[in-house]
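Report on the following structure.
The values are calculated or read from the model by the stated rules, or taken from the named source; none is laboratory data. Here the structure is a predicted model, which is why all the values come from computation and not from measurement. Cβ placement follows ideal geometry from the backbone for every residue including glycine, while neighbour counts extend to all protein chains displayed.
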Amino acid sequence: MKSKKITAIILALALVFSLASVNAFAASYAKASVPVKLTVSNEYRAVSVTVPASFPIEIVNGTVITADNAKITNNAKYGSIKVTDVTVTDGSYKIGNYENFSGKKTVALKINGIPTKDDGSMLISSTAFPVIAPQESLNLKYFAKVSKDASTEKDAEIAKVVFTIAIAD
């Protein structure tokens, strides 16, 4: 019986030492290093917008007439746009101050309630030029003042309107 006890003790000790060595083996090889990968995606988002091809102005018997269908359209399916600047530059006429209009061969515009200054600048606001959602349009209501010395010209390019458009979101 004594030999059975000794054999059992030896087997128990062997089991304990084998488990200790397995734990030591597991502890030294159970750690793993996993890389952290960073991907930066700078997506190119095209702005697809339609602006008026022109702002027609007619003078009929001294009355200045402008179009009523001018608009800026955001053609994109995703992403809003906004007008960040509007400037009117000289053509065959000089740009004038809409609020204090005078001069020869001069034109002044008011677009969505915002008048031109002497240098052609316009201090636009988000009220007059709000954000334009995808596949939506912003109507442009414009008025013009043209100096009385306007001759009988037809299709003269008297000024240019420059819109600066940006992604809004």
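Among the residues of the stretch 109-152 satisfying the criterion of being among the polar types (S, T, N, Q) and over 28 Å from Ile81 (Cβ atoms), which is modelled with the highest pLDDT? Looking at the filtered set, the residue picked out is Ser147. Scanning the stretch 103-131 for residues that are over 14 Å from Val162 (Cβ atoms) and in contact (Cβ under 8 Å) with a residue 40 or more places away in the chain yields Gly103, Lys104, Lys105, Thr106, Val107, Ser126, Pro130, Val131. Do we find a residue being under 17 Å from Ile72 (Cβ atoms), touching a Pro at 6+ places or on another chain (Cβ under 8 Å) and crowded, with 18+ Cβ neighbours inside 10 Å anywhere in the stretch 124-137? Within the stretch 124-137 (the criterion being under 17 Å from Ile72 (Cβ atoms), touching a Pro at 6+ places or on another chain (Cβ under 8 Å) and crowded, with 18+ Cβ neighbours inside 10 Å), the answer is no, since none of the residues qualifies.
The residue list Ile158, Ile167 contains one member that is within 14 Å of Ile81 (Cβ to Cβ), among the β-branched types (Val, Ile, Thr) and touching a residue at least 24 places away in the same chain (Cβ under 8 Å), which is Ile167. Looking at the stretch 60-102, which of the residues that are without any contact (Cβ under 8 Å) to a residue 60 or more places away in the chain and of a type in the set (Val, Ile, Thr) is surrounded by the most Cβ atoms within 10 Å (Cβ to Cβ)? Applying the filter and picking the extreme gives Ile65. Identification of strands (runs of 3 or more DSSP E) wholly contained in the stretch 1-107 with 2 or more residues that are modelled with pLDDT under 90 and out of contact with any Gly (no Cβ under 6 Å at 6 or more places or on another chain) yields 57-60.
Residue check: Pro115 meets all listed conditions (1) on the phi > 0 side of the Ramachandran plot; (2) surrounded by 15 or more Cβ atoms within 10 Å (Cβ to Cβ) but one, namely (1).
Asp155 satisfies every condition listed in (1) at pLDDT 95 or above; (2) out of contact with any strand residue (DSSP E or B) (no Cβ under 9 Å at 6 or more places or on another chain) except (1).
With respect to being among the hydroxyl-bearing types (Ser, Thr, Tyr), within 20 Å of Ser54 (Cβ to Cβ) and under 24 Å from the mean Cα position of the chain (by Cα), Ser137 fits the description.
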